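Undergrad: My questions will all concern the structure given below.
The values are calculated or read from the model by the stated rules, or taken from the named source; none is laboratory data. Quick caveat: nothing in here was measured; it's all calculated off a predicted structure. Note that each Cβ is placed from the backbone with ideal geometry, even for glycine, and that neighbours are counted across all protein chains shown.
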Amino acid sequence: MKILVTPTSFLTPPNAPAKAALENFASEVVYNDLTRPLHAEEVIERLAGVDGYIAGLDHITDEVIRAAPETLKVISRYGIGVDRVDLQACQKRGIVVTNTPGTNSIAVCELAFALMLCAARNIPRLHNAVENGQWPRSEGVELHGKVLGIIGLGAIGKHLAIRAKAFGMKIVAYDSCLDETFVRFHDFRALELDALLEQSDFISLHVPQDSTTTRIIDAKTIQRMKTGVILINTARGGLLDEEAVAEGIRSGKLGGVGLDAFEEEPLLNSPLKGLDRVIFTPHSGAHTLEAVRSMGHLAVENLITVLKGETSPCCVSCDSDS
């Protein structure tokens, strides 16, 4: 039994038990030697003879699936999103795809909240100034009393809403499949997307990337926003047009931006680099001790379950919104 494992954090200490369980199960385990998400051709090069594949944020395209060996039975996503996996191609080949729902929602939510606070008070720039012997005065904004617009009220969005309410924020939410019971119970307001854009002081993105959400933030939608709005994205980089966001910062339309996800990763070239009031983190929302341990455990459990011929409760269908 040969297994390919590509998430870089799988080799960190929190995943030692999951790694041991996997190596005890399989006769051969191959790890990612590039220490970053793999492009399609790089995945293909590493799939020879592989029975199971624990996948990070690799590009698992139709080309990859067509080139995959007959031995490949399961792709176990280390994380929740499957937007980089061609699910229809997997279904045609009979390859089971699983993910790890609920394992990193708190971790991502907390990073989104941290980015809101950092952008509101421009903490990274102030830190750097003090490190360099400066003592600047900088006016920030308070979260208390502000309207937080959450685009995507799934597990992460719900955690963020509850925490933001504790800070005295007013919550409005848009979701194409809204949990109305949750909204009513917590006394939030559900809005259409345009109304949310117009009313929010902070906007946080928590939707999967698909044909309906790609570039959901562009020049047009930014123009609908309040001047000075702070934009947070811990979901997928393709949800926003980086050039439009950069222009929003330069013009003052956007008061700050906090980004943990990018269309091209690592982030080498971007119109947002070098701009004041833009904060970057390296797609690290799920990288907490607790989330890494939970994702590793469930990813391995899903893979072994399928390779034993059993059904995993975390299977993802080709029409999934995950």
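Undergrad: Could we say that residue 277 is surrounded by fewer than 22 Cβ atoms within 10 Å (Cβ to Cβ), in contact with a Gly (Cβ under 6 Å, 6 or more places away or on another chain) and more than 15 Å from residue 57 (Cβ to Cβ) here?
TA: yes
Undergrad: Let me ask another. Could you list, in sequence order, the residues of the stretch 1-39 that are among the β-branched types (Val, Ile, Thr) and over 20 Å from the mean Cα position of the chain (by Cα)?
TA: Correct list: 3, 29, 30.
Undergrad: Under 19 Å from residue 256 (Cα atoms) and modelled with pLDDT of 95 or more: does that describe residue 131?
TA: When the stated conditions are applied, residue 131 does not pass them.
Undergrad: Hey, another quick one. Just one of 62, 51, 58 is among the charged types (D, E, K, R), in contact (Cβ under 8 Å) with a residue 12 or more places away in the chain and in contact with a Lys or Arg (Cβ under 6 Å, 6 or more places away or on another chain); which is it?
TA: Result of the check over 62, 51, 58: 51.
Undergrad: Go through (1) crowded, with 20+ Cβ neighbours inside 10 Å; (2) within 19 Å of residue 86 (Cβ to Cβ); (3) not basic (Lys, Arg) one by one and return the number of the condition residue 22 breaks.
TA: All conditions pass for residue 22, except number (2).
Undergrad: Which numbered condition trips up residue 246, out of (1) surrounded by fewer than 18 Cβ atoms within 10 Å (Cβ to Cβ); (2) in contact (Cβ under 8 Å) with a residue 12 or more places away in the chain?
TA: For residue 246, the exception is condition (1).
Undergrad: Taking only pairs six or more apart or across chains, which ones have beta-carbon atoms under 6 Å, a first residue in the stretch 28-43 that is outside the structural domain of residue 84 (by TED's automatic domain parsing), and a second residue that is assigned to a loop (DSSP other than H, G, I, E, B) and not aliphatic (A, V, I, L, M)?
TA: none
Undergrad: Looking only at residues that are under 25 Å from residue 237 (Cβ atoms) and in contact with a strand residue (DSSP E or B) (Cβ under 7 Å, 6 or more places away or on another chain) in the stretch 172-190, which one is surrounded by the fewest Cβ atoms within 10 Å (Cβ to Cβ)?
TA: Looking at the filtered set, the residue picked out is 178.
Undergrad: Could you please find all residues in the stretch 1-13 being farther than 25 Å from residue 267 by Cβ and part of a helix (DSSP H, G or I)?
TA: 13
Undergrad: Another question, then. Taking the residues in the stretch 132-171 that are over 12 Å from residue 203 (Cα atoms) and of a type in the set (Val, Ile, Thr) as candidates, determine which candidate is surrounded by the most Cβ atoms within 10 Å (Cβ to Cβ).
TA: For the stretch 132-171, the residue satisfying everything is 156.
Undergrad: Search the stretch 69-108 for residues being closer than 20 Å to residue 233 by Cβ and without any contact (Cβ under 8 Å) to a residue 60 or more places away in the chain, and hand back the single one that is surrounded by the most Cβ atoms within 10 Å (Cβ to Cβ).
TA: 105
Undergrad: Looking only at the stretch 19-71, how many residues end up being assigned to a loop (DSSP other than H, G, I, E, B) and closer than 25 Å to residue 292 by Cβ?
TA: 16
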